Amino acid sequence: MSPELLHKPLHYDAIQRRLWIRGQRCHHGATGALLAGAGIVGLVALRAPLLTGIVAAGGVLMVHDWKDRTLWFARGWQDQPALTR
């Protein structure tokens, strides 16, 4: 990874359709886990039924990216195989 990409807050690779936040790859599954966790905490603390949508969206994101679950919170650039269609 080039040093200038570490200083960019966001980097999107349109060819491989991948997003990095400050040099850390952002996976659907990790985002889903954070959404689901925050939604559950909100449900318990606020008793707001509208937060069930956030929990459901988080679950969908995790299911979508389940095959890459070992990489969700791995540090670094994560040089994975290219996207296959």
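The values are calculated or read from the model by the stated rules, or taken from the named source; none is laboratory data. All figures in this text were calculated on a predicted structure; none of them were measured in a lab. Cβ sites come from the backbone with ideal geometry, for glycine too, and all protein chains shown count toward neighbours.
Quick check on my filter: what residues within the range 40-50 are more than 24 Å from T70 (Cβ to Cβ), at pLDDT 85 or above and surrounded by 11 or more Cβ atoms within 10 Å (Cβ to Cβ)?
Listed by number, the residues that qualify are V41, G42, L43.
Name every residue in the range 8-33 that is surrounded by 17 or more Cβ atoms within 10 Å (Cβ to Cβ), hydrophobic (A, V, I, L, M, F, W, C) and part of a strand (DSSP E or B), in order of residue number.
Listed by number, the list holds a single entry, W20.
State which residue pairs qualify: first residue without any contact (Cβ under 8 Å) to a residue 40 or more places away in the chain and among the basic types (K, R) and inside the range 30-43, second residue surrounded by fewer than 19 Cβ atoms within 10 Å (Cβ to Cβ) and assigned to a helix (DSSP H, G or I) in any location, beta carbons under 7 Å apart, and separation of 6 or more residues or different chains.
none
Of everything in the range 51-63, what is of a type outside the set (A, V, I, L, M, F, W, C) and surrounded by fewer than 13 Cβ atoms within 10 Å (Cβ to Cβ)? Give them in sequence order. Step through it out loud before you land on a result.
The initial filter retains those residues of the range 51-63 that are of a type outside the set (A, V, I, L, M, F, W, C), namely 52-53, 58-59.
Result: G53, single match.
Test A57 against the criterion of being modelled with pLDDT of 85 or more, assigned to a helix (DSSP H, G or I) and either of a type in the set (F, W, Y) or closer than 24 Å to L10 by Cα (or both), and give yes or no.
Numbers: modelled with pLDDT of 85 or more: yes; assigned to a helix (DSSP H, G or I): yes; either of a type in the set (F, W, Y) or closer than 24 Å to L10 by Cα (or both): yes.
In short, yes.
Name the residues in the range 22-40 that are touching a helix residue (DSSP H, G or I) at 6+ places or on another chain (Cβ under 9 Å) and of a type in the set (A, V, I, L, M, F, W, C), would you? Working first, answer last.
Start the filter on the range 22-40 by keeping residues that are touching a helix residue (DSSP H, G or I) at 6+ places or on another chain (Cβ under 9 Å), which leaves 22-23, 25, 27-40.
If the condition is that a residue be touching a helix residue (DSSP H, G or I) at 6+ places or on another chain (Cβ under 9 Å) and of a type in the set (A, V, I, L, M, F, W, C), then A30, A33, L34, L35, A36, A38, I40 are the ones that fit.
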